[in-house]
């Protein structure tokens with residue numbers, strides 16, 4: 001009976017583990033904030049709302065400053081799929097509609113991860129993302145994603 005229980009436990013772990021959302025690092029990116037940010041973690045839903053400017057403030061009341069990478073970035077593609085559940089093209093179409101209707105402008109885009117990290121480093125309320133495993137340097141830290 002014991003080997004059967006072990007077998008079922010292993011099968012259950014693989015079956016149900018495969019259904020959990022990918023960790024950001026597994027998806028190929030990490031979310032970063034200024035090292036002084038009081039925010040300790042964020043859900044994907046809340047992060048999506050900040051990047052789509054449906055939520056404009058952190059819980060502290062400070063105005064959130066999302067910083068995107070260019071649309072050809074592989075990190076942006078991974079971020080868009082994992083956080084927005086949309087392709088980069090679909091997110092771009094959303095912003096075109098927002099701009100056309102006069103509602104909002106998209107987050108500032110940086111041409112490189114170095115530029116994005118510098119923007120987050122110098123802007124206390126900024127949030128962005130870079131490739132997983134990248135050396136962040138000082139003044140920036142990873143913001144863990146909660147489910």
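Please treat every number below as a calculation from the coordinates, not as lab data. Nothing here was measured: the structure is a model prediction, and the numbers come from that model.
In percent, what relative contact order does the stretch 23-146 have, based on Cα pairs under 8 Å that are 6 or more apart in sequence? The partial results should precede the final answer.
Details: 213 pairs, mean separation 59.1, N = 124.
Averaging sequence separation for qualifying contacts and normalising by length gives 48 percent for the stretch 23-146.
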If a/c stays under 1.5 just call it rounded; otherwise compare a/b with b/c (prolate if a/b is bigger, oblate if not). Do that for the stretch 93-147, with a ≥ b ≥ c from the square roots of the Cα gyration tensor eigenvalues.
prolate
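Give me the orientation-averaged projected area of the Cα convex hull of the stretch 21-90, in nm², one decimal. Intermediate results must be reported in sequence, preceding the final value.
Working: hull surface 19.2 nm².
Computed as one quarter of the Cα hull surface, the answer is 4.8 nm².
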State the volume of the convex hull built on the alpha-carbon positions of the stretch 23-146, expressed per residue in Å³ and rounded to an integer.
93 Å³
